[in-house]
Amino acid sequence: MSSRGGEAISGRAAGAAGLAVLGTGDEAAWADVVARSVQHDFHHLAGYHRLAERRGEGRAHLFTYRDGAFEIALPLLLRPIDDAEPGGLQDATSVYGYAGPLSTRAEVPDHVVRAFHAALRDELVDRRVVSAFSRLHPLIDQERLIRGLGEAVAVGPTVSVDLTAPPDEQWAGYSKKCRRIIRRAREAGIVCVHDRTQAYRGDWVEMYRETMRRVGAPPSYIFDEEYFVRLAAELGPILHLFVALVDGRPGAAGLYTLCDGIVQAHLGASREEYARLSPTRLIDDTARRWAADAGAWVFHLGGGVGGRVDSLFQYKAGFSGRRHQFSTWRWIVDPVAYRELCERSEQDAAPAGPCTASADFFPAYRRPAPPPDAHPADGA
């Protein structure tokens, strides 16, 4: 047993079957578990979870269950339900992006999955966890690892480009409109650069914050410069910045990640004055070509806001006809405590809504009061 920040992190004896719980301070052990998985992404890394901890999103844990050659790992952020009671009830959520469980084998026997479920339930009950929520990764087969434990709720489609296809085929998969706009951007003299030293980081932060304010994003999405400095420090060579220069001035930029063969279009931003030139499409095209040259197997653009088929989704759909299902996992660990929390929240301005895992917002007792034009979020 080791400890971090005053919290005990439980573990199993070397080579023994059972559940171990790692914290971000156990970075080497965490990295070994993730590296042994069939497929992972940067959302599963200890460094990315450490960033979430610094932002006050919860205490990161990697719950790992091993039985012989089979291992299942699930990263979660545990947070107190009432900040005034740090030793009281908790719930679990996932980092921003796509997390969910991992496994060291493509096929895991049912008895191992059931044993993982039982061990995880016991551990979370001991930690007084009422509910668990995670955004699942659209490119990783994860539902088989949590089937029978809570429920997976389909949220919406995401878009990706198959980088194993020939380059001409990838380009042909773009819509005619998308290809036309990219050609027009090149003809206008827009230059896209791969900023390996992040010399344009200050411009990126300015554009990103401007873009988030323009689209009316919640405050939690408006990251400051310190966040991006720490993100670069935690992810190192995984993180890449691309910038579109319009007459030598940064007009748009995007952050991309390359991890275990997956390239993610993580965050994007642009200056409103250059919107008619759509430099962001040129950036995504440049990143896609770089990703293929780097040996990645997929370029994942993601989906719409909250999983909706909205204007953001339609923009991404212009790059490919390939679709994936984005789902969230919702598990009521302690039904009695969950219902009591829902009933208590009914006294607030924003009713909790149905006390079920498939409700619009999960967990229902954390549902915020939405602005008049808001769409229900998939969870918190």
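The values are calculated or read from the model by the stated rules, or taken from the named source; none is laboratory data. A quick note: this is a predicted structure, and the numbers were derived from the prediction, not measured. We place every Cβ from the backbone using ideal geometry, glycine too, and count neighbours over all the protein chains shown. Surface areas here come from the heavy atoms of the whole protein model, side chains and all, with no ligands, DNA or RNA. Shrake-Rupley method; radii C 1.70, N 1.55, O 1.52, S 1.80 Å.
Just the residues that are outside any helix (DSSP H, G or I) and under 24 Å from residue 282 (Cα atoms), please, taken from the stretch 309-337. Steps first, answer last, please.
So in the stretch 309-337, the residues outside any helix (DSSP H, G or I) come out as 309-310, 318-334.
Of everything in the stretch 309-337, those that are outside any helix (DSSP H, G or I) and under 24 Å from residue 282 (Cα atoms) turn out to be 309, 310, 318, 319, 320, 321, 322, 323, 324.
Among the residues of the stretch 251-285, write down those that are more than 17 Å from residue 317 (Cβ to Cβ) and open to solvent by 30 Å² or more (accessible area, probe 1.4 Å).
258, 260, 272, 273, 274, 275, 276
Determine whether residue 52 is surrounded by 14 or more Cβ atoms within 10 Å (Cβ to Cβ), at pLDDT 95 or above and not basic (Lys, Arg). Steps first, please.
Details: surrounded by 14 or more Cβ atoms within 10 Å (Cβ to Cβ): yes; at pLDDT 95 or above: yes; not basic (Lys, Arg): yes.
Here the answer is yes, as residue 52 does meet what is asked.
Being of a type in the set (Val, Ile, Thr), open to solvent by 20 Å² or more (accessible area, probe 1.4 Å) and in contact (Cβ under 8 Å) with a residue 60 or more places away in the chain: is that true of residue 81 here?
On the way: of a type in the set (Val, Ile, Thr): yes; open to solvent by 20 Å² or more (accessible area, probe 1.4 Å): yes; in contact (Cβ under 8 Å) with a residue 60 or more places away in the chain: yes.
Yes; evaluated as a whole, the condition is true for this residue.
With the requirement that a residue be assigned to a loop (DSSP other than H, G, I, E, B), touching a Pro at 6+ places or on another chain (Cβ under 9 Å) and either aromatic (Phe, Trp, Tyr) or farther than 22 Å from residue 316 by Cβ (or both), what does the stretch 189-211 give you? Outline the logic, then answer.
So the first thing to find is which residues in the stretch 189-211 are assigned to a loop (DSSP other than H, G, I, E, B), and the list is 189-190, 195-200.
Now narrow it down to the ones that are touching a Pro at 6+ places or on another chain (Cβ under 9 Å): 190, 200.
Residue satisfying the conditions is 200 alone.
Give me a count of the residues in the stretch 109-151 that are among the hydrophobic types (A, V, I, L, M, F, W, C), open to solvent by 20 Å² or more (accessible area, probe 1.4 Å) and more than 23 Å from residue 82 (Cβ to Cβ).
Going through the stretch 109-151, the residues among the hydrophobic types (A, V, I, L, M, F, W, C) turn out to be 112-113, 115-116, 118-120, 124-125, 129-130, 132-133, 136, 139-140, 145-146, 149.
Retained after the next criterion (residues that are open to solvent by 20 Å² or more (accessible area, probe 1.4 Å)): 115, 118-119, 125, 139-140.
Now drop any that are not more than 23 Å from residue 82 (Cβ to Cβ), which leaves 115, 118-119, 139-140.
Residues meeting the conditions: 5.
Evaluate the following for residue 24: is it more than 18 Å from the chain's Cα centre (by Cα) and among the polar types (S, T, N, Q)? Before you say what the answer is, go through the steps one by one.
Numbers: more than 18 Å from the chain's Cα centre (by Cα): no; among the polar types (S, T, N, Q): yes.
Here the answer is no, as residue 24 does not meet what is asked.
Which residue is nearest to the chain's Cα centre (by Cα), if the candidates are limited to the stretch 212-235 and must be loosely packed, with under 12 Cβ neighbours inside 10 Å and in a loop (DSSP other than H, G, I, E, B)?
Among residues in the stretch 212-235 that are loosely packed, with under 12 Cβ neighbours inside 10 Å and in a loop (DSSP other than H, G, I, E, B), the one nearest to the chain's Cα centre (by Cα) is 218.
Please determine, by comparing only the residues of the stretch 153-183 that are in contact with a Lys or Arg (Cβ under 8 Å, 6 or more places away or on another chain) and under 30 Å from residue 124 (Cβ atoms), which one is most open to solvent (accessible area, probe 1.4 Å).
That would be 153.
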